[in-house]
């Protein structure tokens, strides 16, 4: 029995180490110069899309129609969400949607807006979670949603919700990640519990993760204007349909929407910890 427990622990530790390495490698690629900031409708955006699509295929995730792509048009440009899913082993008709947008601002002349934190960080985490659940099948079905055109009005998220491949009343919750890789105070914000207080039951003690969890930015009496994050990212499309959501993110930093939001300026240790905290939160959500 001790040998079995040791091998299980070793396997989990090895998986975590491999994923930590790949997590940073994926973020670095998505925020690299050849992708030129991943602006919707550009070659760099297409390279990111192909990269995500290939990873979903390598992980043998399922798609809903002919492939992983959900096309839509924005400003006469062909945009696309990348959508995959895993079928739940116990409650397959209930879905958790994990989302992160892969587009960013692109270029301004020779200046590249790399978008490392915003939102290569969330996209790389999405890929890591897909890898985890491909090896550890979930009880509920999980949809992995990499959205396009978030930076121009959450277009991809709204398109997904309007054209959802599953009934909206079957979506148990949306977990959205947008900017999770850096914070000087090691604070990760969880937005959404003001509207969906039952989701507070799934949060874990952050002490072992070495991060600080902050609730808020959703109470309209306390947060107004840009300080209210209720509609700040893709979760807004789900919230408008009364689908419970948690938006994980960090406060804006000095490099937000600037060319200096680069891989060199993320906080790797904090990023890895936020990712595994969010994963454990999703695992607990799935276990209900």
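The values are calculated or read from the model by the stated rules, or taken from the named source; none is laboratory data. Computed from a predicted structure; not experimentally measured. For neighbour counting, all protein chains shown are included, and Cβ atoms are generated from backbone atoms with ideal geometry for every residue, glycine included.
Within the stretch 146-159, the set of residues being crowded, with 24+ Cβ neighbours inside 10 Å and either more than 14 Å from the chain's Cα centre (by Cα) or part of a strand (DSSP E or B) (or both) comprises 146, 147, 149, 155.
Okay, residues lined up against (1) in contact with a helix residue (DSSP H, G or I) (Cβ under 8 Å, 6 or more places away or on another chain); (2) farther than 25 Å from residue 132 by Cα; (3) in a strand (DSSP E or B):
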{"site": "21", "(1), (2), (3)": "no, no, no"}
{"site": "29", "(1), (2), (3)": "yes, no, no"}
{"site": "37", "(1), (2), (3)": "yes, yes, no"}
{"site": "49", "(1), (2), (3)": "no, no, no"}
{"site": "57", "(1), (2), (3)": "no, no, no"}
{"site": "65", "(1), (2), (3)": "no, no, no"}
{"site": "89", "(1), (2), (3)": "no, no, no"}
{"site": "93", "(1), (2), (3)": "yes, no, yes"}
{"site": "98", "(1), (2), (3)": "yes, no, yes"}
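Kindly establish whether residue 169 is over 22 Å from residue 202 (Cα atoms) and either modelled with pLDDT of 95 or more or outside any helix (DSSP H, G or I) (or both).
Numbers: over 22 Å from residue 202 (Cα atoms): no; either modelled with pLDDT of 95 or more or outside any helix (DSSP H, G or I) (or both): yes.
So residue 169 fails the test.
Does residue 176 satisfy the criteria of being touching a residue at least 40 places away in the same chain (Cβ under 8 Å), in contact with a helix residue (DSSP H, G or I) (Cβ under 8 Å, 6 or more places away or on another chain), in a loop (DSSP other than H, G, I, E, B) and buried (at least 19 other Cβ atoms within 10 Å of the Cβ)? No, not satisfied. Filtered by the rule that a residue be at pLDDT 95 or above and not in a helix (DSSP H, G or I), the stretch 259-288 gives 259, 260, 261, 262, 266, 267. Does at least one position in the stretch 130-137 carry a residue that is in a loop (DSSP other than H, G, I, E, B), in contact with a strand residue (DSSP E or B) (Cβ under 8 Å, 6 or more places away or on another chain) and at pLDDT 95 or above? There is at least one residue in the stretch 130-137 that is in a loop (DSSP other than H, G, I, E, B), in contact with a strand residue (DSSP E or B) (Cβ under 8 Å, 6 or more places away or on another chain) and at pLDDT 95 or above.
Taking the criterion of being within 28 Å of residue 169 (Cα to Cα) and not in a strand (DSSP E or B), would at least one residue in the stretch 105-118 satisfy it?
Within the stretch 105-118, not a single residue is within 28 Å of residue 169 (Cα to Cα) and not in a strand (DSSP E or B).
Within the set 163, 201, the sole residue that is out of contact with any helix residue (DSSP H, G or I) (no Cβ under 6 Å at 6 or more places or on another chain) and in contact (Cβ under 8 Å) with a residue 24 or more places away in the chain turns out to be 163. Out of the residues in the stretch 76-85 meeting the condition of being surrounded by fewer than 21 Cβ atoms within 10 Å (Cβ to Cβ) and either part of a strand (DSSP E or B) or touching a strand residue (DSSP E or B) at 6+ places or on another chain (Cβ under 9 Å) (or both), tell me which one is modelled with the highest pLDDT. So the residue we want is 78. Of the strands (runs of 3 or more DSSP E) lying entirely inside the stretch 186-251, those containing at least 2 residues that are within 20 Å of the chain's Cα centre (by Cα), farther than 22 Å from residue 123 by Cβ and at pLDDT 95 or above are 212-215.
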